[in-house]
Each structure stands twice: as structure tokens, then as C-alpha cells.
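These notes are about the structure you will find just below.
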Amino acid sequence: MQINVTGSKQIVDEELRKYVTKQIGRHDKLLGPKTREIAVADVAFKKVNGDVSCKLRVTLPQDTLEVEEITVNAYAATDIVGPVVRDFLTKYSHKYGGGKLYHMLRMRLNRL
């Protein structure tokens with residue numbers, strides 16, 4: 001998954017860029033290999049009345065997710081948006097991927 005991090009009125013440093021890539025990019029394993037190549041996540045930060053707004057847009061072949069969160073700092077906004085992305089990609093993979101990941105995980109757990 002390609003992740004683009006931008007910021008207006010807020011300096012996006014390398015540390016924040018790594019943090020966002022880690023938090024959002026860890027969920028791309030829920031997608032198939034072909035979908036993973038096509039998927040794009042755009043994360044935009046901007047200052048709003050002393051707070052930070054994090055706007056996330058995940059574009060996939062058959063669906064799109066848009067989330068906006070306003071909190072005290074950029075790291076907290078990223079932490080709040082992360083589980084939303086995970087849930088969305090899980091639902092997407094079950095809807096369009098045939099639930100292969102869930103089936104594989106279930107089979108591994110049954111073997112234990």
C-alpha cells in the first residue's frame with residue numbers, strides 16, 4: 001500500500017511520517033497481493049484552532065474510506081484512525097476477497 005503523508009500549516013517531519021507509515025501500513029497484510037499494489041492511503045494533517053486535524057483517505061479498487069479526526073496532536077489522531085482502517089480493510093477483504101485470510105487463521109487456530 002502506498003502511503004502519502006502531507007501537511008498544511010503543520011510541519012510533517014520524518015518521525016511523524018515513519019509513525020503514520022507504521023500505524024497505517026501494518027494493516028495492508030489484510031489485503032491480497034494485487035490489491036495491495038493498487039491501494040493508496042492519503043493522510044493529510046492541518047491545524048484547526050490549536051488542534052490537529054487528520055484526514056485519511058484509503059482508495060481501493062472497489063471501495064473508498066474517508067475518515068477525519070480532530071485531536072490535540074498528530075500522533076493521537078493517527079492512533080484513533082488506525083483501528084478504523086483495520087476494521088475497514090477486514091470488512092473489505094471479507095466482502096471482495098472471499099474471506100481467505102479469515103479461513104486461513106481459523107484453520108491455524110484449529111490445529112493448535
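The values are calculated or read from the model by the stated rules, or taken from the named source; none is laboratory data. None of these values were measured; they are calculated from a predicted model. We place every Cβ from the backbone using ideal geometry, glycine too, and count neighbours over all the protein chains shown.
The residue list Val40, Val52 contains one member that is touching a residue at least 24 places away in the same chain (Cβ under 8 Å), under 15 Å from Gln2 (Cβ atoms) and out of contact with any Cys (no Cβ under 8 Å at 6 or more places or on another chain), which is Val40. When Ser53, Ser8, Ser93 are checked against the criterion of being small (Gly, Ala, Ser) and surrounded by fewer than 14 Cβ atoms within 10 Å (Cβ to Cβ), a single residue qualifies: Ser8. Once segment 11-36 is narrowed to residues that are closer than 16 Å to Tyr96 by Cα and of a type in the set (Lys, Arg), the residue that is surrounded by the fewest Cβ atoms within 10 Å (Cβ to Cβ) is Lys34. Selection of first residues in segment 88-112 that are on the phi > 0 side of the Ramachandran plot and of second residues that are surrounded by 13 or more Cβ atoms within 10 Å (Cβ to Cβ) and at pLDDT below 75, restricted to Cβ pairs under 9 Å at least 6 apart or on distinct chains, gives an empty result.
Among residues that are aromatic (Phe, Trp, Tyr), in contact (Cβ under 8 Å) with a residue 24 or more places away in the chain, crowded, with 16+ Cβ neighbours inside 10 Å and in contact with a Gly (Cβ under 6 Å, 6 or more places away or on another chain), Phe45 is included.
Is one or more of the residues making up segment 77-87 over 11 Å from the mean Cα position of the chain (by Cα) and within 26 Å of Gly7 (Cβ to Cβ)?
Yes, the conditions are met somewhere in segment 77-87.
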